[in-house]
Amino acid sequence: MLTKVKNLETQLQIDDPVPQNRRRALDVNNGLGYTVDFHIRELLLESAPLMNAWSENKCRGKHQGGMEAWAKDNEKDHVNSCDWYHSTWQYLRLVDMVATPPWYPFYMRALGQLLAAKPDCELFISAAADWGMLAMVHEAAAAVNAAPRITLWDICETPIAASKWYADKFGMSIETKVQNIITDSAELDGRFDIVVTDEFLTVLADPLKPQITERWRHLLKPGGSVVTTAMVGGPTTPELRQVFYTRAMSLFDRDTFLFRRMGVTREEFSEQVAVFASVHTRHMLTSPEQLETLFADYELDYSAVVTPGECVNPTTSFQIVARRPL
């Protein structure tokens, strides 16, 4: 079952309504940049309840890693796996509260150029929250008539199930494996032309960031490229967590009709988002210098863009293409 917060009312002020004079500001911030288009919204309305159900038995506790790592390190005893994350992720996507590939038109440009140059390339999706990155690869490949061979690994079975659901729906073939990419992916070394992932660097605590950029370099063929993004900012504070929860509830009230279609009540949404807000942590990058150090062994190209942001609205993010030298 979905993990619950102990003494929930003491951790987040879940019944504190958003003052009316703040609702417009919240809506304006939420509308910055990307908004959920009709096609994606309809897919989310179908798959979000599935992910919620899958998380109950597919999200399992791990010896190390996973979205629950911060909670375990900070003695949040109510968190035993990543079910709190994957059960709620797509509900939050529907109200544009979490970072997703469509926030970045950069992905279409970068992937399109690389796929056009080698239409039959080997492409690795390095972890995924759901089917979002697979959909982005699908769209970019279709735009340039490419047919990449796609491999997706994640440490949890739930996002793999979601990606298989998307692949089956659109007649795609993907190779998947539930595995820790940092510690157990040597069998794939030198196989890929493209490694793509959305915000994986900000999922990982700082000591793990150099390990994943080094792992990506080994996964790539000489001349292959990493395509990714990374938000810039500071720690996820209790105040930011409270704002995230309050804002999510305001957007639920605005878009209640969407959740009614899925049979999700306000109480159910509130309970799940309260857990999510109390645990979800971004380990953001702090500077261009940190980024350049992480990709010191690559030929690095990056730019900065403003996105809607998660806990901080808006947020600056790095858009990154890093090439393994020949």
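Read-outs throughout are calculated quantities, based only on the coordinates presented, and are distinct from any laboratory measurement. Everything numeric in this text was worked out from a predicted model, so none of it was measured. Glycine gets a Cβ as well: all are built from the backbone with ideal geometry, and neighbour counts include every protein chain shown.
The ranking of 202, 281 by Cβ neighbour count inside 10 Å, starting from the fewest, reads 281, 202.
Take the Cα of residue 117, step 7 Å toward its Cβ, do the same at residue 45, and the gap between the two points is 4.1 nm.
One chain, two ends: residue 149 and residue 292. Fully extended at 0.36 nm per residue, the span grows by 48.5 nm beyond their Cα-Cα distance. By its C-alpha gyration tensor, with a ≥ b ≥ c as the square roots of the eigenvalues, how is the stretch 237-322 shaped: rounded for a/c under 1.5, else prolate for a/b larger than b/c, else oblate? It is prolate, given that a/c is not under 1.5 and a/b is the larger ratio.
Only counting other Cβ atoms within 10 Å, I'd like 275, 178, 203 sorted with the fewest neighbours first. Least crowded to most crowded, the residues run 178, 203, 275.
Below 12 angstrom from the Cβ of residue 102, what's the summed charge of the other residues (Lys, Arg +1; Asp, Glu -1)?
Charge balance in the 12 Å sphere: -2.
Rg/Rh for the stretch 100-248 stands at 0.98; both radii use Cα atoms, and Rh follows the Kirkwood definition.
For the pairs 164/221; 58/221; 169/209, note any where the Cα-Cα span goes beyond 30 Å.
58/221; 169/209
In the stretch 28-326, the DSSP beta bridges split such that about 45 percent are antiparallel, to the nearest 5. For the stretch 28-326, the equivalent ellipsoid derived from the Cα gyration tensor has semi-axes of 28, 21, 19 Å, listed largest first. Near residue 269, once Lys and Arg are set to +1 and Asp and Glu to -1 for all other residues with Cβ below 12 Å from its Cβ, the sum equals -3. In this simple spin-label model, placing a label point 7 Å from the Cα along the Cα-to-Cβ direction at both residue 168 and residue 253 gives a separation of 3.9 nm.
Once the C-beta distance of residue 187 and residue 301 is scaled by a Förster radius of 45 Å, the resulting FRET efficiency is 0.95 to the nearest 0.05.
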